[in-house]
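**Student:** Here's a structure for you.
The values are calculated or read from the model by the stated rules, or taken from the named source; none is laboratory data. Keep in mind the model is a prediction, meaning the values are calculated, not measured. Cβ atoms come from the backbone with ideal geometry, glycine included; neighbour counts cover every protein chain shown. Only protein heavy atoms, including side chains, enter the accessible area calculation; ligands, DNA and RNA are left aside. Shrake-Rupley method; radii C 1.70, N 1.55, O 1.52, S 1.80 Å.
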Amino acid sequence: ESRPKAGEVLVSPPDRILLRFNSRIELALSTLSVTSSRGRTLLLSRSSENGAPDRFVVPLENLVPDVYLVRWKVLSADGHLTEGAFQFTVARPR
């Protein structure tokens with residue numbers, strides 16, 4: 001599960017990225033980046049939501065209208081490495 005969802009078009013920028021997995025993850029050994037269509041990569045910090053061991057939550061600030069690529073790589077507690085990517089769009093105001 002992700003918020004925003006893959007392919008989602010938002011009318012206002014999200015305040016965070018949330019990824020939920022089907023098992024506990026090792027946050028200290030996991031990474032997430034967000035890159036704009038202009039190639040600007042945001043350096044993001046890690047946190048977990050309410051101590052939930054299966055969630056990767058990263059706060060965001062000041063995203064401008066653009067298409068963003070989220071790339072993630074997480075290590076599960078059982079040692080499996082999982083990675084993926086998805087896009088979302090922050091639409092321009094009308």
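**Student:** Would you mind giving the three semi-axes, in whole Å and largest first, of the ellipsoid equivalent to the chain according to its Cα gyration tensor?
**Tutor:** On the way: eigenvalues 119, 31, 26 Å².
So the three semi-axes of the chain are 24, 13, 11 Å.
**Student:** Next up: Filter the GluC sites (Glu not before Pro) in segment 1-93 down to the DSSP loop ones having no more than 14 other Cβ atoms within 10 Å, then list what survives.
**Tutor:** Numbers: sites: 1, 8, 26, 49, 61, 83; in loops: 1, 8, 61.
Answer in residue order: 1, 8, 61.
**Student:** Considering only 85, 53, 23, whose Cα is most displaced toward the positive end of the charge dipole of the chain, charges sitting on Cβ of Lys, Arg (+1) and Asp, Glu (-1)?
**Tutor:** 85
**Student:** Hey, can you find the accessible area per residue of the chain for me, probe 1.4 Å, expressed in square angstrom?
**Tutor:** Numbers: 5960 Å² over 94 residues.
With all protein chains present, the chain gives 63 Å² per residue.
**Student:** How high is the relative contact order of the chain, in percent, with contacts defined as C-alpha pairs under 8 Å that are six or more residues apart?
**Tutor:** Taking the mean separation of contacting Cα pairs over the length of the chain, I get 36 percent.
**Student:** For the modelled label position 7 Å from the Cα of residue 21 along Cα-to-Cβ, which residues of segment 74-90 have backbone nitrogen atoms closer than 19 Å?
**Tutor:** 74-87
**Student:** Given a 1.4 Å probe and every protein chain left where it sits, what share in percent of the accessible area of the chain is carbon and sulfur?
**Tutor:** Working: 2940 of 5960 Å².
Accessible surface attributable to carbon and sulfur in the chain totals 49 percent.
**Student:** Calculate the dipole size of the chain relative to its Cα centre from +1 charges on Lys and Arg beta carbons and -1 charges on Asp and Glu beta carbons; express the result in debye to the nearest 20.
**Tutor:** Working: 13 positive and 10 negative charges, 64 e Å.
Roughly 300 debye, rounded to the nearest 20.
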